[in-house]
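K.L.:
The structure that follows is given in the form of structure tokens.
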Amino acid sequence: MIFLVGFMGSGKSTVAKELGKQLAMPVIEMDEAIEKEEGMTIKALFEKYGESYFREKETNFLQTIKADAVVSTGGGIVEKEENELTLSTGKVIFLQASWATIVERLQRDTKRPLWNGDDEHKKDIFKNRQWKYERVADETIGVDGKTADQIVSEIVHRLKG
Ligand code: S3P
């Protein structure tokens, strides 16, 4: 199992798709799968039931993944320590983007509930999570200024090494 972790906007979903193709492995996009299971968007889930409900669903879903796949996790997967145990059963790749890159990419995003608050709050979440991603990661890949193809090549190279 390969788990891609990183902040919102770090490119996990795009890279997961490419990496899955390259390695001929199925791809699981956690947010998408949870939306399907729950029959509503993540945004609606947060609005209706709150963040902790979503976190529970996220933890449960992570534990049910059995197929050997490339898994694109949600940015908040590291917020629960018990998830780290599950992640550690696979190879964890941290896609590390700078704050500037994240802001540029998510400028017009309205789908992510945690990208709604003021800048200071969002930056606090970003800062707080960096060490959590690092702690759980087997490999850290800087993504600033790179294409998805470049990132995938780097991951494949690191996995071989
Ligand atoms: C979240 C990230 C989102 C999604 C939810 C919460 C977070 O996933 O799971 O909105 O806490 O960072 P992406 O990282 O795919 O945007």
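K.L.:
What value in Å³ per residue do you get for the convex hull of the alpha-carbon atoms in the stretch 109-154?
P.N.:
Details: hull volume 5.2 nm³, N = 46.
Convex hull volume per residue, Cα atoms: 113 Å³.
K.L.:
Which value, in debye to the nearest 20, describes the size of the charge dipole of the chain about its Cα centre when Lys and Arg Cβ atoms bear +1, Asp and Glu Cβ atoms bear -1, and nothing else is charged? Don't skip to the end; give the middle numbers.
P.N.:
Values: 24 positive and 28 negative charges, 56 e Å.
Taking the Cα centre of the chain as origin, the dipole is about 260 debye.
K.L.:
Taking the Cα centre of each part, how many Å lie between the stretch 81-114 and the stretch 1-23?
P.N.:
Centre-to-centre distance over Cα atoms comes out at 10 Å.
K.L.:
With the Cα gyration tensor of the stretch 1-120 in hand, convert its eigenvalues to equivalent ellipsoid semi-axes via √(5λ) and list them largest first in whole Å. Could you put the intermediate results ahead of the total?
P.N.:
Values: eigenvalues 95, 67, 36 Å².
Semi-axes (√(5λ), whole Å): 22, 18, 13.
K.L.:
Still on this model: For the stretch 60-161, how big is Rg over Rh, using alpha carbon atoms and the Kirkwood form of Rh?
P.N.:
Details: Rg = 14.6 Å, Rh = 15.1 Å.
Here the Rg-to-Rh quotient is 0.96.
K.L.:
Here's a follow-up. Relative to the present Cα-Cα distance, how much length would full extension add between R55 and A148 at 0.36 nm per residue of separation? Don't jump to the answer; show the numbers that get you there.
P.N.:
On the way: separation 93, 0.36 × 93 = 33.48 nm, distance 2.78 nm.
Roughly 30.7 nm would be gained on extension.
K.L.:
Excluding same-chain residues fewer than 8 positions from K160, which lysines have a Cα within less than 24 Å of its Cα?
P.N.:
K12, K17, K21, K66, K91, K146
K.L.:
Quick query: amide H of I28 versus all other amide H atoms, modeled in the peptide plane; which residues come in under 5 Å with a sequence gap of 5 or more or a different chain?
P.N.:
V70, V71, S72
K.L.:
Here's another thing I want to ask about it. How high is the FRET efficiency from E82 to K36, r the C-beta distance, R0 22 Å, rounded to 0.05?
P.N.:
Values: r = 23 Å, r/R0 = 1.06.
With a Förster radius of 22 Å, E is 0.40.
K.L.:
Most fluctuating residue of V71, V92, V103 in a GNM of the chain with Cα springs under 10 Å: which is it?
P.N.:
In the Gaussian network model the winner is V103.
Every number in this text was worked out from the coordinates using simple rules, so none of it is lab data. From a predicted model like this one, the values you see are computed outputs, not experimental measurements. Every residue, glycine as well, gets a Cβ built from its backbone with ideal geometry; the counts of neighbours run over all protein chains shown.
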